[in-house]
Amino acid sequence: MPTRNRSSIEIEQGPARAGVERSEPGGRAELDAGAAPPARRGLSGDVVEEALVRARLRERGLAVERLSDEERERLADGVIDELLADSGARSEREVLGADGLLGDLTRRLIERALDAELTEHVGYEHGQPPPGGAGNPRNGTTPKTVLTEHGPVRIDQPRDRDSSFEPRLVRKGQRRLDGIDAKVVALYAGGMTTREIETYLAGLYGPGVGRDTVSRVTAAVLEDAKAWQTRPLEAIYPILYLDALVIKIRDGQAVRNIACYLAIGVNCDGERDVLGIWFQRTEGAKFWLAVLTELKQRGVQDVLVCCVDGLAGFPEAIEAVFPEAWVQTCIVHQIRSSLRFVPYRDRRAVARDLKRIYTAVDRDHAEQELERFAEIWDARYPMISRSWTERWERIVPFLAFPPDVRRIVYTTNTIEALNRQIRKVIKTRGSFPTEDSARKLLFLAITAAQRNWRSAYNWSSALAAFRIHFGDRLPDSAI
């Protein structure tokens, strides 16, 4: 065929033929000469021939001009039309089924790719003699069934004589393509159990993915979770949120409530990051001390503001590891604790007077509001003002910041929101069989939640306020 430039490639765009007679053995449909078939875009034989020539040249390592997007689209449409016409496939099963046209195309693509890999390995094309005589020739094929996103596909995997060929597309011993493993992990991350995943995939693809397979696939997630748990951390976190939620884990014949400790750090760029997951029978300041010590060993040198709930001994545990940190008791937790024993008839009035305390202009005005609150309510509820007074030094640090900065340091709502997302995932689980199974699912839930996180609210103003109050503890690069 003579060499031509791209501009010389002509694509036929003539009208559809009014009558086409097609008669082939095997029961293929015939079109009457008088009936007008559906319009199809014409495909020049020159274009097909040109594409084949280019493919052969590329296989020989020669530079060739690529087809235009329009030419490539028409070539693809023409091939699809011919495949549908030759196969006679019309129904969903005939086109999309595992034994249909799509399954056959998948099989041929996999086998073609594997054959290309073997050609690269042995150094000669299929059907040609080995270069230099014996060497390492091809050695036939091995039948193998792999599970794809279109169902099980039976392929012939090529071999070489000395068994040194290691295919990359479908590895030795591999029975599922990577897309299936990704689906298993996604279903597991959505909260489905291994039994539910097995049932779902069996209905979708047929037998082939059992509970043991699901467990092996998700085992890789556990390795990722452990590597994530021990990764190095940043040196400075302006804000650190600490909290725990309770999950159920089987312990022998009993199911126990286990505290799952979580830490979220906000770095100097305003980006939030979950720093780790820890498990303990109960929530206590002693274990929080161990958590904070681990964070320091992983690279955290300083924390400016640490926001926590009202757990007894918590501030002392934080200051033992980060002595210069401002410990901020979560105002939302403090209000909930204060209203716990207030009857419904007084709850709104008590909450209104408490709001005057934590929305005060500064610390001095907040103290005045607390005294006023005590005068009004101590006769009925003396425990409220006493609780605020005992924790006062841990309640008021946020009042040193401007009003538009206070909202990101005075509450643990950031970590409470994460806890809610985790509970949505685990609510279908009565309990976890092991701590590792809980770690896998929580890691996947956290990873999914972090994809939608944005920078902390009004972070530029917060950085300016931190620079004023903490001075050189905040690095110059953070401004």
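The values are calculated or read from the model by the stated rules, or taken from the named source; none is laboratory data. These numbers come from a predicted model, not from an experiment. Every residue, glycine among them, receives a Cβ derived from its backbone with ideal geometry; neighbour counts consider all protein chains shown. Heavy atoms of the whole protein, side chains included, go into the accessibility calculation; ligands, DNA and RNA do not. Shrake-Rupley method; radii C 1.70, N 1.55, O 1.52, S 1.80 Å.
Laid out as a table, the results:
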item	result
Any hit, the range 335-345, residues being under 18 Å from ALA312 (Cβ atoms), outside any helix (DSSP H, G or I) and free of Cβ contacts under 8 Å to residues at least 40 places away in the same chain	yes
Single residue of the range 153-179 satisfying the filter (hydrophobic (A, V, I, L, M, F, W, C) and buried (at least 20 other Cβ atoms within 10 Å of the Cβ)) that is modelled with the lowest pLDDT	VAL170
Count of residues meeting criterion [among the small types (Gly, Ala, Ser) and modelled with pLDDT of 90 or more] in the range 289-325	5
Members of the range 382-415 found to be in a loop (DSSP other than H, G, I, E, B) and either open to solvent by less than 50 Å² (accessible area, probe 1.4 Å) or touching a strand residue (DSSP E or B) at 6+ places or on another chain (Cβ under 8 Å) (or both), listed by number	ARG391, VAL396, PHE401, ILE408, VAL409, TYR410, THR411, THR412
Residue pairs meeting the criteria (Cβ under 7 Å; at least 6 apart or on separate chains; first among the polar types (S, T, N, Q), in the range 454-465; second open to solvent by 20 Å² or more (accessible area, probe 1.4 Å) and in a helix (DSSP H, G or I))	ASN458/ASP404; SER461/ASP404
Positions within the range 346-360 being open to solvent by 20 Å² or more (accessible area, probe 1.4 Å) and either part of a loop (DSSP other than H, G, I, E, B) or in contact (Cβ under 8 Å) with a residue 40 or more places away in the chain (or both), in sequence order	TYR358, THR359
Within the range 427-463, considering residues that are touching a Leu at 6+ places or on another chain (Cβ under 7 Å) and open to solvent by 20 Å² or more (accessible area, probe 1.4 Å), the one farthest from PRO402 (Cα to Cα)	ASP436
Test: residue in the range 410-423 that is more than 27 Å from PHE279 (Cβ to Cβ) and either in contact with a helix residue (DSSP H, G or I) (Cβ under 6 Å, 6 or more places away or on another chain) or aliphatic (A, V, I, L, M) (or both)	yes
So VAL214, is it within 22 Å of LYS427 (Cβ to Cβ), out of contact with any strand residue (DSSP E or B) (no Cβ under 7 Å at 6 or more places or on another chain) and β-branched (Val, Ile, Thr)	yes
Enumeration of residues in the range 226-273 that are among the aliphatic types (A, V, I, L, M), open to solvent by 10 Å² or more (accessible area, probe 1.4 Å) and more than 19 Å from THR293 (Cβ to Cβ)	ALA227, VAL246, ILE249, ALA254, VAL255, ILE258
Lone qualifier among ARG363, ARG372 - being surrounded by 13 or more Cβ atoms within 10 Å (Cβ to Cβ) and closer than 21 Å to CYS307 by Cα	ARG363
The lone exception for VAL332 - which of (1) open to solvent by 50 Å² or more (accessible area, probe 1.4 Å); (2) modelled with pLDDT of 90 or more it fails	(1)
